[in-house]
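The values are calculated or read from the model by the stated rules, or taken from the named source; none is laboratory data. It should be emphasised that the depicted structure is a prediction, and the values quoted were computed from it without experimental measurement. Neighbour counts are summed over all protein chains in view; Cβ atoms, including those assigned to glycine, are modelled from backbone coordinates with ideal geometry.
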Amino acid sequence: MIKIRQANERGVANFDWLHSKHSFSFGDYYDADQMGFGPLRVINEDVVQPSGGFDTHGHKDMEIVSYVLNGALEHKDSIGNGSAIRPGDVQRMSAGTGIRHSEFNSSTEEPVHFLQIWILPEQAGLAPSYEQKTFPLEADTGQLRLIGSRDGRANSVVIHQDVDLYNARLNQGQSVTYEPKLDRKLWLQVASGSLDLNGNELQAGDGAAIENEQHFAIKALSNDVEFLLFDMVSL
């Protein structure tokens, strides 16, 4: 079963410095039918204007992944980390027992466009931690690449949940296939371009909940297709 979550169905938040689109209920946007999918709780597509950003705020018991599409996102947190996240980088922050952080756009000219992802951890009360790794944009075009996992295999960032997170960049006509194990939930989020998922056409911003599919194929219908694929425990 494949259920499409179209981009224009998402919740929207607009501020002077931020434009955000919510795949699931978040902030002032609430939809009882869109509370997450498996352990995946939040996918926000955020565009932060030059010199704008999220002031220091707190989180607890959540795995937070930031995936930048354009620009650079500056990060500072209460456990001593400070970094810039750019396209090709994957950042994972485990809030655990509690962490405070800020995210901002240090550019005075260019916006930063990124996906903010929240995943429920498999246990509460973890020690707060942070990890960031670079997966070069020019590498592995045309195939799925593991960028996050519970065991950190293949040099992926560690996510404290039974989740495998993949990305892929495809040009028109390229395709990848996937055969999930039984009793798994999968979510595909299109970051750019257009693609075909088992006969379903998806555009940038669209998502798809996938269950009980023994095999599926993803084919690029345009150049510069980029997407994330979550393979998750069925909660």
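Here are a few things to note about the model shown:
- Residue match in region 145-158 (condition: in contact (Cβ under 8 Å) with a residue 40 or more places away in the chain, surrounded by fewer than 20 Cβ atoms within 10 Å (Cβ to Cβ), among the small types (Gly, Ala, Ser) and under 30 Å from Asp77 (Cα atoms)): no
- The residue that is surrounded by the fewest Cβ atoms within 10 Å (Cβ to Cβ), counting only those in region 44-99 that are of a type in the set (Asp, Glu) and modelled with pLDDT under 95, is Asp55.
- The condition of being crowded, with 22+ Cβ neighbours inside 10 Å and polar (S, T, N, Q) holds for only one of Gln203, Gln189, that being Gln189.
- Restricting Ser20, Ser51 to those that are in a loop (DSSP other than H, G, I, E, B) and hydroxyl-bearing (Ser, Thr, Tyr) reduces the list to Ser51.
- Residue in region 217-224 that is surrounded by fewer than 18 Cβ atoms within 10 Å (Cβ to Cβ), assigned to a loop (DSSP other than H, G, I, E, B) and of a type in the set (Ser, Thr, Tyr) present: yes
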